[in-house]
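Undergrad: Have a look at this one before I ask anything.
The values are calculated or read from the model by the stated rules, or taken from the named source; none is laboratory data. A quick note: this is a predicted structure, and the numbers were derived from the prediction, not measured. Positions of Cβ are generated from backbone atoms using ideal geometry, with glycine treated the same way; all protein chains shown enter the neighbour counts.
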Amino acid sequence: MGATLEQDLAINFLDALKNIWSEQSGTWDVEEIDDPLRALTHITIRWLAAMAREEVKRNQSYREVRGRIIYNSASVQSADAFRNREYVSLLEALNKIVHGEPQWVSVHSGEVILCWKFIPGLSSRGEENRPYTAYFLADSLLSEVRHALYSHTDRRSQVLELEI
């Protein structure tokens, strides 16, 4: 089956934004403001994570992204995120993005890290009831989502073309 046209568009849009962001260093808090591009970016990331998560579940694909999930953490500084990275399953990363709220975007030496935070509400239950902060490298996340969406098709060569 492979990625849908909408998924391709979302990946390419987010990849273009990542390339734009990588040109400037700094950390930007994600605030709820009336900026259509920021709003579209967050909607796109969450939508793509939800769609990719279903594909990864269905195909039992095990891929990993660079980043980290810290449970019961109040906050993570961007400088710590650049130093403290490990491998996290793509499925777990996508779940954290879908359930969390965007916190900040940080760029250092061309690398972009995205951070989400989850604080459980009264209606939360189960394991998701634990608060967490999660951050992932944008390159790793987009690359692994792209691979997961195309890995079960004969369109695999398109992934390599898109990454060049």
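Undergrad: Conditions: (1) under 25 Å from Trp21 (Cα atoms); (2) over 11 Å from the mean Cα position of the chain (by Cα); (3) among the aliphatic types (A, V, I, L, M); (4) modelled with pLDDT of 85 or more. Leu160 meets all but one. Number of the miss?
TA: With respect to (1) under 25 Å from Trp21 (Cα atoms); (2) over 11 Å from the mean Cα position of the chain (by Cα); (3) among the aliphatic types (A, V, I, L, M); (4) modelled with pLDDT of 85 or more, Leu160 is out only on (4).
Undergrad: Something else about it: Collect the residues in segment 1-59 that are buried (at least 16 other Cβ atoms within 10 Å of the Cβ), of a type in the set (Phe, Trp, Tyr) and touching a helix residue (DSSP H, G or I) at 6+ places or on another chain (Cβ under 7 Å), keeping them in residue-number order.
TA: none
Undergrad: Has segment 60-80 got at least one residue that is part of a loop (DSSP other than H, G, I, E, B) and of a type in the set (Phe, Trp, Tyr)?
TA: yes
Undergrad: Residue by residue through segment 1-41, note down the ones that are at pLDDT 80 or above and at positive phi.
TA: The answer is Gly26, and nothing else.
Undergrad: Filter segment 64-84 down to the residues that are at pLDDT 90 or above and surrounded by 17 or more Cβ atoms within 10 Å (Cβ to Cβ) and list them by number.
TA: Val65, Arg66, Gly67, Arg68, Ile69, Ile70
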